[in-house]
Amino acid sequence: MNIQETKLKGCFILEPRKFEDERGYFFESFNEKTFNDLTQTNTHFVQDNQSYSKRGVIRGLHAQAGSHAQAKLVRVLKGEVIDVAVDARPDSSTFGQHVAVNLSAENNRQLFVPRGFLHGFSVLSEEAVFFYKCDNFYNKESEQGILYNSPELNIDWGIEAGAEIVSEKDIILPTFNELFKVQL
């Protein structure tokens, strides 16, 4: 497995080693020991989630707060997305910065999003099946999020203006500066 730390400390892009022949392909998508050795973490995933979305959908930016914070390992089973992680750790030197990574069923990339980050993705293909592992259980009361197009973050979601499909719940979220009471 190839691993690369992004500009955000603790946030990694993982690319599995793929074996192909005339029958098709095989790759190990996750191995806890290998993952923890490569990321130098002690992450234990307890919940898997999957979503289906159409072209133009933007989901996020979401996080679980406090003791219910979640690290996530995300990947695409079908289609293509732009996956975004935002450092929301106030004591971090990269607080308020983000990375955007193209994930697809073809490139098999995964993104590890550590606790303390906001996370979201946009769908570039006609449809996408998105899969993620979480290291903590979901808790509705701990939900938090920010508006996907918070102007201070300047995230390029790869979706044409006016073609975004965003849930009613996500469209009323505060901006990054409103949630964190800061100016970036």
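Do the conditions hold for residue 113, that is, is it touching a residue at least 40 places away in the same chain (Cβ under 8 Å) and either buried (at least 16 other Cβ atoms within 10 Å of the Cβ) or among the acidic types (Asp, Glu) (or both)? Yes: the conditions hold for residue 113. When each of 151, 174 is tested for being surrounded by fewer than 15 Cβ atoms within 10 Å (Cβ to Cβ) and within 16 Å of residue 63 (Cβ to Cβ), the lone residue that passes is 174. With the structure loaded, tell me whether residue 121 is within 12 Å of residue 56 (Cα to Cα) and in a strand (DSSP E or B) or whether it fails that test. Spelling it out, residue 121 is indeed within 12 Å of residue 56 (Cα to Cα) and in a strand (DSSP E or B). Of all residue pairs spaced 6 or more apart or on separate chains, those with beta-carbon atoms under 7 Å, a first member in segment 70-91 that is under 17 Å from residue 157 (Cα atoms) and in contact (Cβ under 8 Å) with a residue 24 or more places away in the chain and a second member that is buried (at least 21 other Cβ atoms within 10 Å of the Cβ) and small (Gly, Ala, Ser) are 76/128; 79/128; 80/128; 81/122; 81/128; 82/122; 84/60; 84/120. Where strands (runs of 3 or more DSSP E) fall wholly inside segment 19-96, the ranges with 1 or more residues that are surrounded by 15 or more Cβ atoms within 10 Å (Cβ to Cβ), modelled with pLDDT of 95 or more and touching a Gly at 6+ places or on another chain (Cβ under 9 Å) are 47-54, 58-64, 80-87. Among the residues of segment 158-167, the one identified as surrounded by fewer than 14 Cβ atoms within 10 Å (Cβ to Cβ) and under 20 Å from the mean Cα position of the chain (by Cα) is 167. Among the conditions (1) in contact with a helix residue (DSSP H, G or I) (Cβ under 9 Å, 6 or more places away or on another chain); (2) at pLDDT below 95, the only one that residue 161 does not satisfy is (1). Tell me, yes or no, whether segment 165-183 has at least one residue that is at pLDDT 95 or above, touching a Gly at 6+ places or on another chain (Cβ under 6 Å) and farther than 20 Å from residue 98 by Cα. Among the residues of segment 165-183, at least one is at pLDDT 95 or above, touching a Gly at 6+ places or on another chain (Cβ under 6 Å) and farther than 20 Å from residue 98 by Cα, which makes the answer yes. Annotation for segment 8-18: at least one member residue is aliphatic (A, V, I, L, M), under 22 Å from residue 121 (Cα atoms) and assigned to a loop (DSSP other than H, G, I, E, B).
The values are calculated or read from the model by the stated rules, or taken from the named source; none is laboratory data. Only a predicted model underlies this, so the values are computations on that prediction, with no experimental measurement involved. Cβ atoms come from the backbone with ideal geometry, glycine included; neighbour counts cover every protein chain shown.
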